[in-house]
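J.: The structure under discussion is supplied below as structure tokens; questions concerning it will follow.
The values are calculated or read from the model by the stated rules, or taken from the named source; none is laboratory data. Since this is a predicted model, take the numbers as computed values, not measurements. Neighbour counts are summed over all protein chains in view; Cβ atoms, including those assigned to glycine, are modelled from backbone coordinates with ideal geometry. Just the protein is used for accessible areas: all its heavy atoms, side chains included, with ligands, DNA and RNA removed. Shrake-Rupley method; radii C 1.70, N 1.55, O 1.52, S 1.80 Å.
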Amino acid sequence: MDGKNLAVDAAALAVYAVVANPAVTGIALHEWLGLGLFVVFVVHAALHADWVADALRTAFSRPTLARTGNLVLDALSLVAFMACAVSGLLVSGDVLRAFGWYAEGYYFWDPLHAVSAKVLLALVVVHVALHVKWIVGILGRGGRRRGKLDAADAADAADAADAADAAEGR
């Protein structure tokens, strides 16, 4: 599962990197990709729902600085992401128009979108930096969970045991 989590997380980061740069995509594509990023975010959150549930359950009974810090960072990221998504939708020129909608309050939503996007970028950088050890660990294991052997690993281990037995004359 760790390899799948990392793949989804990497895809989410890649989509975010593109969406976060409207100068590269143009505003119309930025708006539509932003909607797609919301879907990617939901998948990311669903894959990590067990961790969130465990972190919330143990936040007060067995708090640790790392777990509580990650939980706070994730909560702040969620707030920034939602503020960015909602304000982005409400200042949209293409997405809203495609649905025949119009939102008032551009002079409120546009600055909120700009600020929340910058805050979200900072939080994403911190989030990735805090998880570098997890990422490197998964890459070092070829995407497998700790302590889990796949069939090839089990066969290799059996072959090594047989070779050791043969060398000792058993």
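J.: Please work out which one of (1) touching a helix residue (DSSP H, G or I) at 6+ places or on another chain (Cβ under 9 Å); (2) farther than 24 Å from D9 by Cβ; (3) at pLDDT below 55 is the condition A114 fails and give its number.
T.: (3)
Okay, residues lined up against (1) more than 19 Å from K118 (Cα to Cα); (2) open to solvent by 70 Å² or more (accessible area, probe 1.4 Å):
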{"residue": "F38", "(1), (2)": "no, yes"}
{"residue": "H44", "(1), (2)": "yes, no"}
{"residue": "V52", "(1), (2)": "yes, no"}
{"residue": "F60", "(1), (2)": "yes, yes"}
{"residue": "T68", "(1), (2)": "yes, no"}
{"residue": "L73", "(1), (2)": "no, no"}
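J.: Inspect segment 53-65 for any residue being in contact (Cβ under 8 Å) with a residue 40 or more places away in the chain and polar (S, T, N, Q) and give the result as yes or no. Lay out the reasoning, then the answer.
T.: Within segment 53-65, the first condition is being in contact (Cβ under 8 Å) with a residue 40 or more places away in the chain, and the residues that meet it are none.
The answer is no; no qualifying residue exists.
J.: Could you grab me the full set of residues in segment 16-31 that are within 21 Å of G93 (Cβ to Cβ) and either among the aliphatic types (A, V, I, L, M) or surrounded by fewer than 16 Cβ atoms within 10 Å (Cβ to Cβ) (or both)?
T.: Matches in segment 16-31: V18, V19, A20, N21, A23, V24, G26, I27, A28, L29.
J.: Checking the structure you have, find out if any residue of segment 92-112 is touching a Cys at 6+ places or on another chain (Cβ under 9 Å) and not small (G, A, S). Steps first, answer last, please.
T.: Step one: of segment 92-112, the residues touching a Cys at 6+ places or on another chain (Cβ under 9 Å) are 112.
This time we only want the ones that are not small (G, A, S), so: 112.
Yes, segment 92-112 contains a residue that is touching a Cys at 6+ places or on another chain (Cβ under 9 Å) and not small (G, A, S).
J.: Against the conditions (1) under 14 Å from H113 (Cβ atoms); (2) open to solvent by 40 Å² or more (accessible area, probe 1.4 Å), where does C84 fall short? Just the number, please.
T.: Tallying (1) under 14 Å from H113 (Cβ atoms); (2) open to solvent by 40 Å² or more (accessible area, probe 1.4 Å), C84 fails exactly one: (2).
J.: If you go through segment 12-34 one residue at a time, do you hit one that is among the aromatic types (F, W, Y) and without any contact (Cβ under 8 Å) to a residue 40 or more places away in the chain?
T.: Looking only at segment 12-34, we keep the residues that are among the aromatic types (F, W, Y), and these are 16, 32.
Of the ones still in play, those that are also without any contact (Cβ under 8 Å) to a residue 40 or more places away in the chain are none.
No: zero hits.
J.: Cβ contacts < 7 Å: first residue farther than 11 Å from E31 by Cβ and touching a residue at least 24 places away in the same chain (Cβ under 8 Å), restricted to segment 86-109; second residue open to solvent by less than 100 Å² (accessible area, probe 1.4 Å) and small (G, A, S), any location; separation 6+ or different chain. Result?
T.: S87/S116
J.: When the residues of segment 116-139 are filtered to those that are without any contact (Cβ under 8 Å) to a residue 12 or more places away in the chain and under 23 Å from V91 (Cα atoms), which remaining residue is least open to solvent (accessible area, probe 1.4 Å)?
T.: A122
J.: So which residues in segment 92-109 are closer than 14 Å to G34 by Cβ, of a type outside the set (F, W, Y) and open to solvent by 30 Å² or more (accessible area, probe 1.4 Å), if there are any at all?
T.: Initially, segment 92-109 is screened for residues closer than 14 Å to G34 by Cβ, giving 92-96, 98, 109.
Filter once more, keeping what is of a type outside the set (F, W, Y): 92-96, 98.
Hits for segment 92-109 are D94, A98.
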